[in-house]
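The values are calculated or read from the model by the stated rules, or taken from the named source; none is laboratory data. Source: prediction; values computed, not measured. All Cβ positions, even for glycine, are placed from backbone atoms using ideal geometry, and neighbour counts span all protein chains on display. Ligands, DNA and RNA are stripped out before the accessible areas are found, and what is left, the full protein with its side chains, is counted by its heavy atoms. Shrake-Rupley method; radii C 1.70, N 1.55, O 1.52, S 1.80 Å.
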Amino acid sequence: MGNIENDKIWLSSPHMGGNELKYIHEAFDENWVAPLGPNVNEFELALELYLKSNVNIAALSSGTAALHLALIECGVGFGDEVICQSFTFSASANPIVYLGATPIFVDSEIDTWNICPNALEEAIVDRIKSGKTPKAIIAVHLYGMPFKVDKIMSIANRYNIPVIEDAAEALGSKFKNQFCGTFGKYGVLSFNGNKIITTSGGGALVCQTKEDKDFAVFLSTQARDKATHYQHSHIGYNYRMSNICAGIGRGQMEVLPDRINSRRTMMKFYLEIFNNYPGIKMQIEPSNLYYSNHWLSAIVINPEESKFTSEDLRLGLQKFNIESRPLWKPMHLQPVFINSPYYGTDISENLFNNGLCLPSGSNLNELQKERIGNKITDIINSF
Ligand SMILES: *Cc1c(COP(=O)(O)O)cnc(C)c1O
């Protein structure tokens, strides 16, 4: 046992439910130690039953792989343009470049921190004017908060551009009582180690049709044509989920509702603290149409009102071995994307400059929460 007073408190760490090892043992007992098998099928089924909406799900090796295959299924190729929310993790945008296409970045709005409908429409109109209709729109439910689904979908439909929903952080989040990941032509889930549930590493592509799912599975298993020998008429990928990882996923699906409750409780815990201080806003649901899994509790600070900066708070917490992290740095400000077009103003940039993600794990115990709460209060009061 470490010293409880100083044990590292992580932003978000894996939280097993109990049955994961049972499913892994089954895989060993039956020698399904491969990127296919009963756990993969059952994990996909559990996800489909959970998300309802008659979706078809392909379990893959990562969320990034799911995005890559979604773009391929949208027909994205060399020289094409794809619109992408700028305020996100780089994995949302990288697969555009894998395909030789150009990302067109779009700013956020302040209600959900996700892609801004006005800037999106401006971008679409301008790209069409300069000769290229964007092949897809990648919109992100950041930190679990649903983007403005109605507005974004209606703009996309008006211009007949497919939406890829990056729901990597938003499993269990809902808009108008429908699960995130089920609105777009494709939805992307991630089960990386820090996400709301994990398979150690993994992801899934949510498809509206069985044909789309079957094609994703085909591409993810090296694109083998139906023949006894190895024959290929497509470029394939090695992107299928392992049956061992899927065993972890099956166990995790059994506790997903608990995990969502815990994350939402963490958000309320912080809200109660920050309500006592000026200049600190949390990322909260703009109305009861939105339901966030609150994967990470995130705040944005106005340093003029609060008298301290997000970096002051981050460094203060770090001294007590408590991890916190700046919000995602927008893609249009990243050195690697410096030449990509951008539409919008400085909303995502301001969020980045003044924001912070706080420890949000579902496995934080009462003592740890008390420690976090006390330290935050001490730090704020010291300014
Ligand atoms: C985690 C994440 C991804 C990538 O998922 P991996 O499974 O890590 O490849 C994509 N987009 C967002 C917004 C993420 O947070």
Inset, instruction - Using DSSP to define loop residues, name the chymotrypsin sites (Phe, Trp or Tyr not before Pro) in the range 216-308 whose beta-carbon has at most 13 other beta-carbon atoms within 10 Å. - result: Tyr230
Inset, instruction - Extending each Cα 7 Å along its Cβ direction at Asn261 and Leu11, get the distance between those two points in nm, one decimal. - result: 2.7
Legend entry - Mean residue ellipticity (222 nm) of the chain, computed from DSSP H runs ≥ 4 via -39,500 (n - 2.57), nearest 500: -11500 deg cm²/dmol
Inset, instruction - Using a 1.4 Å probe over the heavy atoms of the protein chains, calculate the carbon and sulfur portion of the accessible area of the chain as a whole percent. - result: 52
Inset, instruction - With viscosity set to 1.567 mPa s and temperature to 4 °C, compute the Stokes-Einstein D of the chain, Rh being the Kirkwood radius across alpha carbon pairs; µm²/s, no decimals. - result: 60
Inset, instruction - Note down the magnitude of the dipole of the range 110-173 about its Cα centre, charges +1 on Lys and Arg C-beta and -1 on Asp and Glu C-beta and zero elsewhere, to the nearest 20 debye. - result: 340
Legend entry - Members of Lys268/Lys369; Lys132/Lys329; Lys281/Lys329; Lys174/Lys268 lying beyond 21 Å, as alpha-carbon distances in this model show: Lys132/Lys329
Inset, instruction - Please list, or write none, the aspartates and glutamates whose alpha carbon is within less than 17 Å of the alpha carbon of Lys22, excluding same-chain residues fewer than 8 places away. - result: Glu30, Glu42, Glu254
Inset, instruction - Excluding residues fewer than 8 places away in the same chain, name every one of the aspartates and glutamates whose C-alpha is closer than 18 Å to that of Lys151. - result: Asp107, Glu109, Asp111, Glu121, Glu122, Glu165, Asp166, Glu285
Inset, instruction - Would you mind working out the magnitude of the charge dipole of the chain relative to its Cα centre, with +1 at each Lys and Arg C-beta and -1 at each Asp and Glu C-beta, to the nearest 20 Debye? - result: 200
Legend entry - Relative contact order [Cα under 8 Å, 6+ residues apart], the chain, whole percent: 24
Legend entry - Solvent-accessible area per residue, Å², over the range 257-381 with all protein chains present [probe radius 1.4 Å]: 47
Legend entry - Spatially proximal aspartates and glutamates relative to Lys8 (Cα-Cα < 13 Å; intrachain offsets below 8 disregarded): Glu323
Inset, instruction - Just need log10 I(q)/I(0) for the range 1-54 at q = 0.18, 0.21, 0.22, 0.27 Å⁻¹, Debye formula, equal scatterers on the alpha-carbon atoms, no solvent, rounded to two decimals. - result: -0.79, -0.88, -0.92, -1.10
Inset, instruction - Roll a 1.4 Å probe over the protein heavy atoms and report the accessible area of Met253 in Å², nearest 10. - result: 20
Inset, instruction - Can you tell me how much longer the chain between Leu21 and Lys268 gets when fully stretched, taken as 0.36 nm per residue apart minus their C-alpha distance, in nm with one decimal? - result: 85.7 nm
Inset, instruction - Place the peptides 106-119, 133-146, 21-34 in order of packing, highest mean first, counting for every residue the other Cβ atoms within 10 Å and averaging per peptide. - result: 133-146, 106-119, 21-34
Legend entry - Signed unit charges on C-beta, dipole axis of the range 1-141, positive-most listed residue Ile24, Gly77, Ala58: Gly77
Legend entry - Cβ-derived FRET efficiency at R0 25 Å, Gln334 paired with Glu311, nearest 0.05: 0.85
